[in-house]
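*Asks:* One structure follows; several queries about it will come next.
Values quoted throughout were computed directly from the atomic coordinates according to the rules given, and no laboratory measurement underlies them. Predicted model, so just to flag it, every value in this text is computed and none were measured. Quick reminder, even Gly has a Cβ in these numbers, built from the backbone with ideal geometry, and neighbours come from all protein chains shown.
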Amino acid sequence: LSPQENGDFIAQLAQFSTVEGIETLNGSMESLVNGYQSSQALQASALVGRTVIVPADKAMVDTAKGIKGQLALPSASNNVYVNVTDASGSVVTRLNLGSQPSGMHDFVWDGKNSGGNLMPPGRYQFEAQAAIGGENKQLATLLPANVDSVSLGNGKGGGMMLNVAGLGSISLSNIVSIGQ
């Protein structure tokens, strides 16, 4: 009984058109995101079987080959060392790096205990410390880990997770570098 004015009718048609456009845009964005996630999964799967360097203090070590890690020294120190402990928490050896300037420093463990005997392969912990300002400070370490598999993120916002030997799941974004 009360027909709409022409202007109101055209405004409603424009609103319907806008809603339809937004729905189409949402569908396109969802398709784009799915394509990106598939691409990311394919890239992450290429890491399976490779070695990655991650911030960690534990690593699976093939003691016949030894292990090379890094430590981050925030300021110069005249006493930098790395304690290597086995799964039971016993100190296997101590790597003395001596006096070092600030920055990233490599350390190598040959897989032998302080008595020169080759240790069995397994999970070992690396605790880097330095004397800074008269105090012993714990240092961050970067260690190699083998990628066993890749897990896709759950739902929205879930990222790729790498399942690495001896460490469990770590985010793809935590990888510092990729090895062989």
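*Asks:* Charges at C-beta only: +1 for Lys and Arg, -1 for Asp and Glu. How large is the resulting dipole of the chain about its Cα centre, in Debye rounded to 20? Please list the in-between numbers first.
*Replies:* Details: 9 positive and 13 negative charges, 210 e Å.
Once rounded to the nearest 20, the dipole reads 1020 debye.
*Asks:* Given the chain, what whole percent of its Cα pairs are spread farther than 26 Å?
*Replies:* Working: 8299 of 16110 pairs.
Of all Cα-Cα pairs in the chain, 52 percent lie more than 26 Å apart.
*Asks:* Also: Helix 6-45 sits at what angle to the longest principal axis of the chain, using alpha carbons and giving 0 to 90 degrees rounded to 10?
*Replies:* Once rounded, the angle reads 20 degrees.
*Asks:* Assuming a strict under-27 Å limit between Cα atoms, what lysine pair count do you get for the chain once near-sequence pairs (fewer than 8 apart, same chain) are dropped? Please list the in-between numbers first.
*Replies:* On the way: K58/K68; K58/K112; K58/K137; K65/K112; K68/K112; K68/K137; K112/K137.
So the count of such lysine pairs works out to 7.
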